[in-house]
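Encoded as structure tokens, the structure appears first; notes follow it.
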Amino acid sequence: MKIYTKTGDTGKTSLFGGTRVSKANERLEAYGTVDELNSYIGLLRDIQTNVQRQTLLIEIQDRLFTIGAHLASDEKSKMNKVPDVVEADITLLETEMDAMDATLPEMTSFVLPGGHVHVSYCHIARCVCRRTERLVIKLAETTSVPPIIIRYLNRLSDYLFVLARKMSEELGANETPWNPRLS
């Protein structure tokens, strides 16, 4: 199988199901950003601090491929069976967050992203996740998107925030509280 097909050379691509759409279509923007997020999760997976979480991060990447497949599927064509995101996927993220949160100091203010390059990567993944969520919500205004996908992305961004805090703790990095300057 060749990677290049030349069918996209005119700025169009095919959804699963065959419908040709512009590469600037909001559906492509949404699933392209899911792909970007998946790449950042892969980066997090490769960070030594996350060895004990590699299995979960691979599971998250699998769910992101599932979400991308949903977003790339032609609504009009039901010929393609796509795997589902299920409630247990959200529960898994919540369980993992609760376990990490139980060992972290209580938050008393917003935290500035950073403190260690690995923590910063996690915050970047969180921000890309939030952008993905916004794009999927926008897409859902004009086309059918399973609501659980939006819920999953919302919970994933929460998970990435808690993971960043946990990584800060594990790396001995300082969490810098945001102290707003009020005039």
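Annotations for the structure displayed:
- Within the span defined as the stretch 110-117, every residue fails to be part of a helix (DSSP H, G or I) and surrounded by 17 or more Cβ atoms within 10 Å (Cβ to Cβ).
- Exclusive hit being more than 18 Å from Val162 (Cβ to Cβ), outside any loop (DSSP other than H, G, I, E, B), among the aliphatic types (A, V, I, L, M) and under 16 Å from the mean Cα position of the chain (by Cα), set Ile58, Ile41, Ile90: Ile58
- Positions within the stretch 141-166 being in a loop (DSSP other than H, G, I, E, B) and either modelled with pLDDT of 95 or more or not β-branched (Val, Ile, Thr) (or both), in sequence order: Glu141, Ser144, Pro146
- Only a single criterion out of (1) surrounded by fewer than 20 Cβ atoms within 10 Å (Cβ to Cβ); (2) at pLDDT 95 or above is not satisfied by Cys129, namely (1).
- Number of residues in the stretch 1-45 that are at pLDDT 90 or above and in contact with a Lys or Arg (Cβ under 7 Å, 6 or more places away or on another chain): the value is 1.
- Answer residue from the stretch 50-79, given it is among the polar types (S, T, N, Q) and either surrounded by 14 or more Cβ atoms within 10 Å (Cβ to Cβ) or over 20 Å from Ala140 (Cα atoms) (or both) and is modelled with the lowest pLDDT among those: Asn50
- Enumeration of residues in the stretch 167-183 that are charged (D, E, K, R) and in a helix (DSSP H, G or I): Glu169, Glu170
- Failed criterion for Lys138 (all others in (1) surrounded by fewer than 15 Cβ atoms within 10 Å (Cβ to Cβ); (2) in a helix (DSSP H, G or I); (3) touching a Pro at 6+ places or on another chain (Cβ under 8 Å) hold): (3)
The values are calculated or read from the model by the stated rules, or taken from the named source; none is laboratory data. Values in this document were obtained by computation on a predicted structure and should not be read as measured data. Cβ sites come from the backbone with ideal geometry, for glycine too, and all protein chains shown count toward neighbours.
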